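All remarks here apply to the structure that follows.
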Amino acid sequence: MTTVTSLVGEKPVVIFSKSTCCLSHSVASLIRSFGANPIVYDLDKIENGSQIEGELLQMGIKPSVPAVFIGQQFRGGSKKIMSLHVRNELVPMLKDAGAIWI
């Protein structure tokens, strides 16, 4: 089992980020604004961050951050998450994943 797979199984919403990435911060703030509590892994601050970033790149996730997983599935980076929000698809996705209830 890969590190990414095990980490995304821990919570309904997992975001792989870097502390210097403003788009990562914006995506996490957007998701929190709906009442969800995502777990955010800042790859530049955790011990095995470069290994995780390598796994994300091997999965075809480019750029590697932000990488948003909702319901244990990769849902996209900042553009895709913003697009889901504009199309009113983000909140139902968060509800289906059990990240929010209302």
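Points worth noting:
- Qualifying position, being of a type in the set (S, T, N, Q) and free of Cβ contacts under 8 Å to residues at least 24 places away in the same chain, among Ser29, Ser24: Ser29
- Within segment 14-47, the set of residues being of a type outside the set (Ser, Thr, Tyr) and closer than 19 Å to Val86 by Cα comprises Leu23, His25, Val27, Ala28, Leu30, Ile31, Arg32, Phe34, Gly35, Ala36.
- Unique match (being more than 17 Å from Ser29 (Cα to Cα) and hydrophobic (A, V, I, L, M, F, W, C)) among Ile81, Ile52, Ile100: Ile52
- Residue within segment 55-74 that is crowded, with 16+ Cβ neighbours inside 10 Å, part of a helix (DSSP H, G or I) and either free of Cβ contacts under 8 Å to residues at least 60 places away in the same chain or aromatic (Phe, Trp, Tyr) (or both) present: yes
- Residue within segment 75-92 that is of a type in the set (Ser, Thr, Tyr) and at pLDDT 95 or above present: yes
- Output for segment 75-96, where each listed residue is over 28 Å from Ser50 (Cβ atoms), surrounded by 14 or more Cβ atoms within 10 Å (Cβ to Cβ) and not β-branched (Val, Ile, Thr): Leu84, His85, Leu90, Met93, Leu94, Lys95
- Under the condition of being outside any helix (DSSP H, G or I), over 18 Å from Lys79 (Cβ atoms) and not small (Gly, Ala, Ser), the residues counted in segment 1-49 number 19.
The values are calculated or read from the model by the stated rules, or taken from the named source; none is laboratory data. Keep in mind that this is a model prediction, so the values were computed, not measured. Because the Cβ atoms are built from the backbone with ideal geometry, glycine has one as well, and the counts that use them run over all protein chains shown.
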